[in-house]
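The values are calculated or read from the model by the stated rules, or taken from the named source; none is laboratory data. Quick caveat: nothing in here was measured; it's all calculated off a predicted structure. Every residue, glycine as well, gets a Cβ built from its backbone with ideal geometry; the counts of neighbours run over all protein chains shown.
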Amino acid sequence: MVTLSSVIRPLASNLNRQLVRHAKSQRITPVRTCNLTACSSKYVLSQMHPMWQGPLTIPGGERQSPIDIVVRKSIFDSELKPLVTDYDPHTCQQIWNNGYSFLVEYDDTTDKSTLKGGPLQDKFRLCQFHFHWGESNAWGSEHTVDRRLFPAELHLVHWNSDKYSLFEEAVMEDNGLAVIGVFLKVGKRHEGLQKLVDALPAIRHKDSIVEFTRFDPVCLLPSNTDDYWTYHGSLTTPPLTESVTWIIMKQHVEVSHDQLAVFRSLLFTSAEEDVQKSMVNNFRVQQSLCGRTVRSSFTPFLQEAPSAEDDKHTH
């Protein structure tokens, strides 16, 4: 594993610089300043990650993510198919604290772990998954549904292996990426997640990498993956390229408060830094829809009646 880490670590740490440099060398595109005013700005964050403390210039700017999904404005599309996930747990390689979240990374050199179907016409390879979360259970998700915030959100990141030969190429191009988003809600302990939670103390500090194998991300998906929203958007971290087909699951998954507490025990900072900063509120603020359509694979108006438990949380 020493050899693998020695190869992957410098590649991963240099990826952002490479992407930004590549983006600047491409055709000239209109730019706008990243909007740091969120629809959730009433939640005053005690710490904002350095990534978002200065103005950012992003290409285009008409298809940025995340967004608020307004259920009554989503359009039912009967052509949207069920998702087909085919993940090989043996392609799971390692966990990396990149100073913003932790990434569970997969071998994507072959089509061993793939996503097809849904709104996608091509085959996409799983590259990594990661989470975004808040400092409390009141917020943390990047996307919202009718302004409802969740404590955390899972992103499974895939790239189009039918059209492109490398993730680094796909991330810069249209229809290059497909990301599944899953909302996390506090409830019972998630047994599938626990193996990952148990490994997290080893990557508490920024730039830590540990071997992590044989993890099947299917266990993190909700039982119903047929009901989802989809729209064209962007990465929610630099370089913010508008290359993403988002697939947001309607059904959430439950995790325990203690499991989320382990997420919050991680650090944005390296072991050498004098001031240690907790890894919380690692989400981007919401962006304007700018006329985009959010499609749904289910009829939005045939919603289940809210449960008494949901009523308790909303009143």
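A compact table of results
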{"item": "Residue within segment 249-256 that is among the acidic types (Asp, Glu), at pLDDT 95 or above, farther than 25 Å from residue 105 by Cβ and more than 15 Å from the chain's Cα centre (by Cα) present", "result": "yes"}
{"item": "Which listed residue is of a type outside the set (Val, Ile, Thr), closer than 17 Å to residue 156 by Cβ and touching a residue at least 40 places away in the same chain (Cβ under 8 Å), from 238, 222", "result": "222"}
{"item": "The lone exception for residue 91 - which of (1) closer than 17 Å to residue 246 by Cβ; (2) in contact with a Ser or Thr (Cβ under 6 Å, 6 or more places away or on another chain); (3) β-branched (Val, Ile, Thr) it fails", "result": "(1)"}
{"item": "Tally, over segment 189-225, of residues that are of a type in the set (S, T, N, Q), surrounded by fewer than 21 Cβ atoms within 10 Å (Cβ to Cβ) and either within 18 Å of the chain's Cα centre (by Cα) or over 21 Å from residue 255 (Cβ atoms) (or both)", "result": "2"}
{"item": "Candidates 29, 37, 57, filtered to the one that is of a type in the set (Val, Ile, Thr), out of contact with any helix residue (DSSP H, G or I) (no Cβ under 7 Å at 6 or more places or on another chain), farther than 30 Å from residue 270 by Cα and modelled with pLDDT under 95", "result": "29"}
{"item": "Filter result (among the basic types (Lys, Arg) and either surrounded by fewer than 20 Cβ atoms within 10 Å (Cβ to Cβ) or within 16 Å of residue 176 (Cα to Cα) (or both)) within segment 226-278", "result": "264, 277"}
{"item": "Strands (runs of 3 or more DSSP E) within segment 59-177 that include 3 or more residues of a type outside the set (Val, Ile, Thr), without any contact (Cβ under 8 Å) to a residue 12 or more places away in the chain and surrounded by fewer than 21 Cβ atoms within 10 Å (Cβ to Cβ)", "result": "none"}
